[in-house]
Amino acid sequence: MSRDTLTITDNRTGKQYEFPIEDGTIRALDLRQIKVNEKDFGLMTYDPAFNNTAACKSRITYIDGDRGVLLYRGYPIDQLAEKSSYLETAYLILNGELPTAPQLQQWTEHITLHTIIHENVKKFMDGFHHDAHPMGMLVSTIGALSTFYPDAKDIFNPSSRLKQTYRLIAKIPTLAAFAYRHSMGMPYAYPDNDLSYAGNFLNMLFKMTEVKYKPNPVLEKALDVLFILHADHEQNCSTSAMRGVGSSHVDPYSAIAAATAALYGPLHGGANEAVIRMLNEIGDVKRIPAFIQRVKAGEEKLMGFGHRVYKNYDPRARIIKGIAEEVFEVMGRNPLLDIAVELERIALDDEYFIKRKLYPNVDFYSGIIYQAMGFPTDMFPVLFAIPRTSGWVAQWVEMLLDSEQKIARPRQIYLGAGLRDYIPVDSRPSAP
Ligand code: SDX
């Protein structure tokens with residue numbers, strides 16, 4: 001009868017060790033029993049970028065990378081995209097269950113009534129250069145919100161956490177829209193509580209001199225679905241930043257600022273911006289083969305392709321590709337789509353990408369839609385950060401309430417200089 005254990009023989013000592021296997025893992029701390037003598041610190045694992053390390057137990061999002069499956073609290077992403085709304089999905093991700101009608105109504109009301117930000121925040125926005133990147137403005141002003149809500153430090157008080165959750169989900173679109181309006185040199189447009197979450201965001205972005213902004217229902221729905229698709233994605237780089245920074249027990253605004261900064265990177269949330277720049281650089285379907293050659297030569301990355309977990313088609317990319325046609329019917333076709341579709345066709349038929357299991361990820365088509373909706377390229381990662389706020393908060397709460405978690409502090413393999421004495425500056429050898 002096989003046992004759920006792992007037996008290891010240390011050939012340095014001939015000793016054998018047996019460790020329990022739980023949830024497909026062994027506890028790294030168990031390896032510290034493996035020593036060559038009593039003074040030995042014991043074995044550790046070495047796993048740069050955590051390619052094969054589970055840092056937590058979670059019940060929020062499940063990804064099957066080989067089968068291209070994504071579930072939020074067990075619900076398939078394609079069903080949520082088709083039948084749910086972003087606020088309902090955010091409730092699900094945060095609470096573990098779909099809300100009843102009264103719960104959804106109360107949740108929506110609370111968030112709607114928290115969309116306005118302190119007037120002083122505008123002074124931060126006004127201080128940025130006209131061409132400041134909106135992600136830089138978002139990181140800064142989210143961090144600044146921690147100074148307006150000192151009660152947020154009471155992180156183990158459930159009612160305080162819930163109030164910060166309302167504030168964060170409600171106010172980040174306002175900060176994002178204010179950053180956009182600042183970069184366009186336009187006056188800020190305030191929230192309109194009669195509109196939906198996505199509709200109000202469009203209002204704060206694009207309202208001109210009309211008394212009341214009326215969002216285009218096709219764009220409002222497309223944006224809401226895009227928010228659903230970007231709400232959470234288990235232990236990605238920015239969520240790991242949220243958990244790591246949050247593990248010091250800092251307030252959630254400071255932790256979300258750190259997560260937003262991680263998302264800003266071109267390998268993560270900044271990829272949708274990089275995809276548009278890449279498609280513009282290619283410029284014409286006839287130039288795709290030459291670009292593919294440069295990718296295969298390691299001179300370029302095919303941005304929007306590849307994923308640490310998905311070794312099959314990212315299910316979100318498939319849904320986003322479907323939204324594109326609906327948006328183009330309203331806004332006109334984005335010529336970059338033809339280049340993207342042809343680039344995908346060629347890449348999926350090329351051994352280099354097939355061997356490396358590189359498929360379109362969530363960022364490959366999202367930028368094309370955002371551009372067609374009228375968003376400038378540097379707003380794309382901001383559109384990613386807005387919905388991911390609910391995922392970051394859910395992961396942060398799960399970390400705080402997990403009795404096995406404590407402050408994140410990985411070990412290292414030290415390869416630096418050994419012990420040596422200080423040398424006075426006039427006794428040091430001249431630089432080589
Ligand atoms: C997101 O983790 C998440 O969940 C993130 C995200 C979320 O919702 O939070 O899904 C959102 O960030 C999606 C990813 C967006 N980033 C990009 O599209 C940037 C381009 N993609 C790559 O940088 C890369 O695919 C990563 C960073 C996404 C994943 O990198 P991995 O898993 O560490 O893969 P790797 O770098 O080890 O690459 C394996 C091989 C290498 O070739 P060899 O050295 O074996 O010859 O594949 C190659 C890489 O060079 N490769 C690519 C490539 N991605 C990987 N080659 C060309 N173009 C690419 N895009």
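The values are calculated or read from the model by the stated rules, or taken from the named source; none is laboratory data. Keep in mind it's a predicted model, so treat the numbers as computed, not measured. Every residue, glycine as well, gets a Cβ built from its backbone with ideal geometry; the counts of neighbours run over all protein chains shown. Protein only, heavy atoms only, side chains kept; ligands, DNA and RNA dropped before computing areas. Shrake-Rupley method; radii C 1.70, N 1.55, O 1.52, S 1.80 Å.
Brief remarks follow.
- In the chain, the DSSP-assigned H stretches of four residues or longer account for a calculated mean residue ellipticity at 222 nm of -15000 deg cm²/dmol, using -39500 (n - 2.57) per stretch and the full residue count as denominator.
- Taking other residues whose beta carbon is less than 14 angstrom from the beta carbon of L6, and scoring Lys, Arg as +1 and Asp, Glu as -1, yields -4.
- Straightening the chain between A55 and D426 buys 128.7 nm, computed as 0.36 nm per residue apart minus the Cα-Cα spacing.
- Taken over the alpha carbons of the stretch 181-279 as equal point scatterers, the Debye sum produces base-10 log I(q)/I(0) values at 0.15, 0.20, 0.21, 0.25 Å⁻¹ of -0.86, -1.12, -1.13, -1.15.
- D_trans [Stokes-Einstein, Kirkwood Rh over alpha-carbon pairs] for the stretch 110-184, 37 °C, 0.692 mPa s, µm² s⁻¹: 256 µm²/s
- Per-residue ³J(HN,Hα) for the stretch 350-355, Karplus 6.51 cos²θ - 1.76 cosθ + 1.60, θ = phi - 60°, Hz, x for Gly and Pro: 10, 3, 4, 7, 5, 4
- Charge tally for A54 (other residues, Cβ to Cβ under 13 Å; Lys, Arg +1; Asp, Glu -1): -3.
- Sparsely packed GluC sites (Glu not before Pro) within the stretch 75-153, loop by DSSP, other Cβ within 10 Å at most 14: E97, E119
- Residues whose amide H lies under 5 Å from that of K15, counting only those 5 or more places away or on a different chain, are D10; hydrogens are built 1.01 Å from N in the peptide plane.
- As a size descriptor, the averaged projected area of the C-alpha convex hull of the stretch 220-355 was calculated at 9.7 nm².
- Contour excess over end-to-end distance, with Cα ends at Y17 and R318 and 0.36 nm allotted per residue: 103.7 nm
- Normalised radius of gyration (Cα atoms, divided by 2.2 N^0.38 Å) for the chain: 1.10.
- Global dimensions of the stretch 1-45 from alpha-carbon coordinates: Rg and Dmax equal 11.3, 37 Å.
- GluC sites (Glu not before Pro) restricted to DSSP loop in the stretch 291-391 with at most 13 other C-beta within 10 Å: E299
- Excluding exposed DSSP-loop chymotrypsin sites (Phe, Trp or Tyr not before Pro) (at most 13 other C-beta within 10 Å), longest clean stretch of the chain: 157-413
- Mean separation of Cα pairs under 8 Å and 6 or more residues apart, divided by the residue count, gives the chain a relative contact order of 19 percent.
- Zone residues, the stretch 262-281, relative to A297, backbone N less than 18 Å from point 7 Å out along Cα-to-Cβ: 281
- Rounded to the nearest Hz, the phi-derived 3J(HN,Hα) couplings of the stretch 18-25 under the Karplus curve 6.51 cos²θ - 1.76 cosθ + 1.60 (θ = phi - 60°) are 10, 10, x, 9, 10, 6, x, 9, where x marks glycine and proline.
- Accessible surface of the chain, 1.4 Å probe, proportion on carbon and sulfur as whole %: 55 percent
- Helices that extend 27 Å or more along their long axis by alpha-carbon positions and average at least 1.0 on the Kyte-Doolittle scale are absent among the DSSP H runs of the chain.
- Cβ-derived FRET efficiency at R0 35 Å, V285 paired with K406, nearest 0.05: 0.05
- Candidates L415, A255, M399 compared by Cα position along the dipole of the chain: farthest toward the positive end lies L415, with charges placed on Cβ.
- Among the trypsin sites (Lys or Arg not before Pro) in the stretch 160-268, those located in a DSSP loop and surrounded by at most 13 other Cβ atoms within 10 Å of their own Cβ are K212.
- Accessible area in square angstrom per residue, the stretch 62-402, 1.4 angstrom probe: 40 Å²
- Extension gain (nm, one decimal) between L348 and E38, 0.36 nm per residue minus Cα-Cα: 106.2 nm
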